[in-house]
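Quick notes on the structure that follows.
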Amino acid sequence: MKVLGIMGSPRMQGNTDLLLDEALKGAESRGAEAEKVLADKLAISPCKEYYACLKDGKCVIKDDMDSIYDKLLSADAIIIASPMFFYTVSAQLLTLISRCQALWARKYVLKTMDIPEKKGAFIAVGATRGEKLFDGPKLTVKYLFQAINTRYTDELLIRGIDKKGEIKDHPTALVDAYELGKRLATS
Ligand SMILES: Cc1cc2nc3c(=O)[nH]c(=O)nc-3n(C[C@H](O)[C@H](O)[C@H](O)COP(=O)(O)O)c2cc1C
């Protein structure tokens, strides 16, 4: 089983990164092959609405997103991990997600999306504690998942964590992330 983790924070070894690492370790402990993609290290343009993808499901923009399409399609499970930035996922992640319009076109316009259903999880961390903190990004991730035949099966949403690495002081988050990864890799 292949588990793909997409790390949306620009802060390496920050809270999102540490949580995702634990989740991927949990998946590996169940025999999964894990891969982490760092959205901040990729040169990806946002969707420009050229709409060439409506003809063949392919994006005409050529950049680092080329390899991400294959990774998204071939993974058996996907983890999207992001810090909360202005009540949504990071700009790096939103940019990558916007380019999945080509996959959306394959599924809903061309009806050529023939991959088996995957499992998907969302890991998010924010500094504040508002009840609705994760409402917006959850919709974004669910909508992305729908476009790539992925069932939103799990989530780990952590409030009140701000400084780099502060997640290590959280009483349960890292263990919870590990357990999430284990669940994701268990059919
Ligand atoms: C540009 C920016 C916007 C942010 N917006 C929010 C926000 O809307 N809600 C919130 O709870 N935290 C917000 N934060 C705080 C981060 O979500 C928080 O520091 C998080 O732990 C960072 O995770 P990281 O270490 O993985 O980058 C923001 C931080 C930055 C830099």
Beta bridges by DSSP in the chain, antiparallel share as percent, to the nearest 5 = 5 percent
Gaussian network model of the chain, Cα within-10 Å springs - most flexible of TYR87, TYR69, TYR108 | TYR108
In degrees, nearest 10, the alpha-carbon axis of helix 173-184 is tilted away from the dominant principal axis of the alpha carbons of the chain by 40 degrees
Global geometry of region 1-118, whether rounded, prolate or oblate, following the gyration tensor of its Cα atoms and the 1.5 cut on a/c = oblate
Pairing the Cα long axis of helix 15-29 with the longest principal axis of the chain, what angle in degrees results, from 0 to 90 and rounded to the nearest 10?
-> 80 degrees
Kindly express, to the nearest 10 degrees and within the range 0 to 90, the angle between helix 135-147's C-alpha long axis and the longest C-alpha principal axis of the chain.
-> 40 degrees
Output the pairs from LYS36/LYS182; LYS58/LYS138; LYS48/LYS118; LYS2/LYS58; LYS2/LYS62; LYS58/LYS107 with a Cα-Cα distance over 18 Å in this structure; if there are none, say none.
-> LYS58/LYS138; LYS48/LYS118; LYS2/LYS58; LYS2/LYS62
Mind checking the full-extension length gain between THR128 and LYS48? Use 0.36 nm per residue of separation minus the Cα-Cα distance, one decimal, nm.
-> 25.5 nm
Expressed as a whole percentage, what fraction of the accessible surface of the chain belongs to carbon and sulfur atoms when a 1.4 Å probe is rolled over the protein heavy atoms?
-> 52 percent
Rounded, prolate or oblate: which fits region 88-161 when a ≥ b ≥ c are the square roots of the eigenvalues of the alpha-carbon gyration tensor, with rounded for a/c under 1.5 and prolate only if a/b beats b/c?
-> prolate
Any idea how far the Cα center of region 138-178 sits from the one of region 78-110, in Å?
-> 15 Å
Give the accessible surface of the chain per residue, rounded to a whole number of Å², with probe radius 1.4 Å and ligands, DNA and RNA excluded.
-> 49 Å²
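The values are calculated or read from the model by the stated rules, or taken from the named source; none is laboratory data. A quick note: this is a predicted structure, and the numbers were derived from the prediction, not measured. What goes into the accessible areas is simple: the full protein's heavy atoms, side chains included, and nothing from ligands, DNA or RNA. Shrake-Rupley method; radii C 1.70, N 1.55, O 1.52, S 1.80 Å.
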